[in-house]
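The values are calculated or read from the model by the stated rules, or taken from the named source; none is laboratory data. From a predicted model like this one, the values you see are computed outputs, not experimental measurements. All Cβ positions, even for glycine, are placed from backbone atoms using ideal geometry, and neighbour counts span all protein chains on display. When the accessible area is computed, the model is the full protein with side chains, heavy atoms only, and any ligands, DNA or RNA have been set aside. Shrake-Rupley method; radii C 1.70, N 1.55, O 1.52, S 1.80 Å.
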Amino acid sequence: MDVVTGGDADPPVVGNASAGLASYAAVIWQCDPDGYPAISDAQRTAIDSLLNGGARLLIVGHDIGFSLSDAAAPSYTQEREIWLETGLKTRYYSDVYGPNFHFYGQPGDPATNDF
């Protein structure tokens, strides 16, 4: 397993079967938790190239949908919203917060017990 970070990760090198992200059997992409948008425009281009080449990709992170698809986000553009839906084949509806949000924990569960 290799980890690519910092300047080597943005913009990422897609490469081919011999080098770059395309040389791996699968890529796990962790978005910058403080970045808005969560996936930069240069990264979107690389992801498109990677997926068009048949790569396996898992993207994880915080506020991906919000930063690309919510008009209230400082990084929102219609182009980014369309890319999320057509490029990643997913749709963002809304953040789950506010007075109508309820989270119920399970007694003894280490993750939700305090809730």
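In debye, nearest 20, what is the charge dipole magnitude of the chain about its Cα centre with +1 on Lys and Arg Cβ and -1 on Asp and Glu Cβ, if you could check?
400
Could you let me know the centre-to-centre spacing of the range 1-37 and the range 51-79, using Cα atoms, in angstrom?
15
Once amide H atoms are built 1.01 Å from N in the peptide plane, which residues 5 or more positions from VAL13, or in another chain, come under 5 Å H to H?
HN-HN under 5 Å from VAL13: LEU21.
Order these peptides, 33-41, 15-23, by their mean beta-carbon neighbour count within 10 angstrom, highest first.
For the peptides 33-41, 15-23, the packing ranking is 33-41, 15-23.
With the dipole of the chain worked out from charges on the C-beta (+1 for Lys and Arg, -1 for Asp and Glu) around the Cα centre, which of SER40, ALA111, GLY15 lies farthest toward the positive end?
Looking along the dipole axis, the top candidate is GLY15.
If you count only protein heavy atoms with a 1.4 Å probe, what accessible area per residue comes out for the range 9-115, rounded to a whole Å²?
66
Which of the following values of Kirkwood radius over Cα pairs in Å was calculated from the structure shown: (1) 14.6; (2) 15.0; (3) 16.0?
Comparing each candidate, only (3) matches the computed number.
Hey, what number do you get for the chain at 222 nm if only DSSP H runs of n ≥ 4 count, each worth -39500 (n - 2.57), divided across all residues, to the nearest 500?
-7000 deg cm²/dmol
Considering only protein heavy atoms and a 1.4 Å probe, what is the carbon-and-sulfur percentage of the accessible area of the chain?
Using a 1.4 Å probe with all protein chains present, the chain comes out at 52 percent carbon and sulfur.
Each residue of the range 57-70 in turn: what ³J(HN,Hα) in whole Hz from Karplus with 6.51, -1.76, 1.60 and θ = phi - 60°, glycine and Pro shown as x?
Residue by residue, the range 57-70 yields 9, 10, 10, 10, x, 9, 6, 4, x, 4, 5, 9, 10, 9 Hz.
What accessible surface, in Å², does a 1.4 Å probe find on THR86, ignoring ligands, DNA and RNA and rounding to the nearest 10?
THR86 has an accessible surface of roughly 90 Å² with all protein chains in place.
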